Amino acid sequence: MLAEEQAKINALWKIQIRRADTEELIREQTIKNVVTDLGKEFVAHRYVTRSLERITWVMVLGTGTGTPASTDTNLWSPVDASEKGGSLTRSGNIVQYYVRYLPEDANGYTYTEAGIYDQIPVNAQPPLYPKGKLINHVLIDPAIQKTADILVDFYVQIQFT
């Protein structure tokens with residue numbers, strides 16, 4: 001009898017809102033969410049190409065509402081000014097994307113959604129996200145009203161189980 005393993009991809013967002021002057025934690029929330037079909041295709045593609053391509057990624061925040069679905073290919077209402085890159089690390093079977101929005105970043109909006117766009121060619125010109133693929137989409141509830149009084153850390157872990 002042949003054993004069959006069921007591989008899964010899980011995504012977990014951790015958002016930390018801090019006071020800009022002291023970095024005191026104001027609010028923290030953790031959200032489990034959907035990995036899009038494009039995100040799953042991306043994983044399969046990376047296994048085949050073995051990282052031979054030169055690509056990059058960005059996070060984008062938005063002001064739209066709805067229910068994220070695996071078929072999503074874009075945020076509902078992306079805010080170009082929120083596009084920002086960060087670090088990407090791997091530990092075992094977990095990949096973590098990290099972005100910090102500083103007090104001067106992406107102010108004046110109430111953000112209700114966020115997403116990671118990956119597979120962006122390194123030589124692409126801004127805005128970058130339309131040239132990539134939305135691999136993860138999350139609804140932020142309660143919403144984040146971004147002002148110069150706060151900074152926001154996004155830790156997005158994608159686990160392969």
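The values are calculated or read from the model by the stated rules, or taken from the named source; none is laboratory data. The shown structure was predicted, so the numbers you read here are calculated from the model rather than taken from an experiment. Positions of Cβ are backbone-derived with ideal geometry, glycine not excepted, and every protein chain shown enters the neighbour counts.
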* Asked: Mind checking which pairs have a first residue in segment 68-93 that is farther than 14 Å from ASP118 by Cα and a second that is of a type in the set (Phe, Trp, Tyr) and in a helix (DSSP H, G or I), Cβ under 9 Å, 6 or more apart or different chains?
  -> PRO78/TYR129; ASP80/TYR129
* Determine, yes or no, whether THR112 is hydroxyl-bearing (Ser, Thr, Tyr) and either touching a residue at least 60 places away in the same chain (Cβ under 8 Å) or under 26 Å from PHE42 (Cα atoms) (or both). => yes
* Determine whether LYS14 is surrounded by 15 or more Cβ atoms within 10 Å (Cβ to Cβ) and at pLDDT 85 or above. => yes
* Pull up segment 9-23, narrow it to residues that are part of a strand (DSSP E or B) and not β-branched (Val, Ile, Thr), then point me to the one that is farthest from ILE144 (Cα to Cα). => ASN10
* To do: Report yes if some residue within segment 24-43 is in a loop (DSSP other than H, G, I, E, B), modelled with pLDDT of 95 or more and over 18 Å from the mean Cα position of the chain (by Cα); otherwise report no.
  => yes
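Within segment 91-130, can you find the residues that are basic (Lys, Arg) and more than 18 Å from LEU61 (Cβ to Cβ)?
Within segment 91-130, none qualify.
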* Asked: Are any residues in segment 145-161 buried (at least 17 other Cβ atoms within 10 Å of the Cβ), among the hydrophobic types (A, V, I, L, M, F, W, C) and over 15 Å from the mean Cα position of the chain (by Cα), and if so, which ones?
  -> ILE150, LEU151
* Structure fact -> For strands (runs of 3 or more DSSP E) lying entirely in segment 72-134, having 2 or more residues that are modelled with pLDDT under 95 and under 12 Å from the mean Cα position of the chain (by Cα) picks out 87-91, 94-101
* Within segment 51-67, restricting attention to residues that are without any contact (Cβ under 8 Å) to a residue 60 or more places away in the chain, over 13 Å from the mean Cα position of the chain (by Cα) and closer than 21 Å to ALA143 by Cβ, which residue is surrounded by the fewest Cβ atoms within 10 Å (Cβ to Cβ)? -> GLY64
* Out of segment 121-137, which residues are crowded, with 22+ Cβ neighbours inside 10 Å and touching a Pro at 6+ places or on another chain (Cβ under 7 Å)? -> TYR129, HIS137
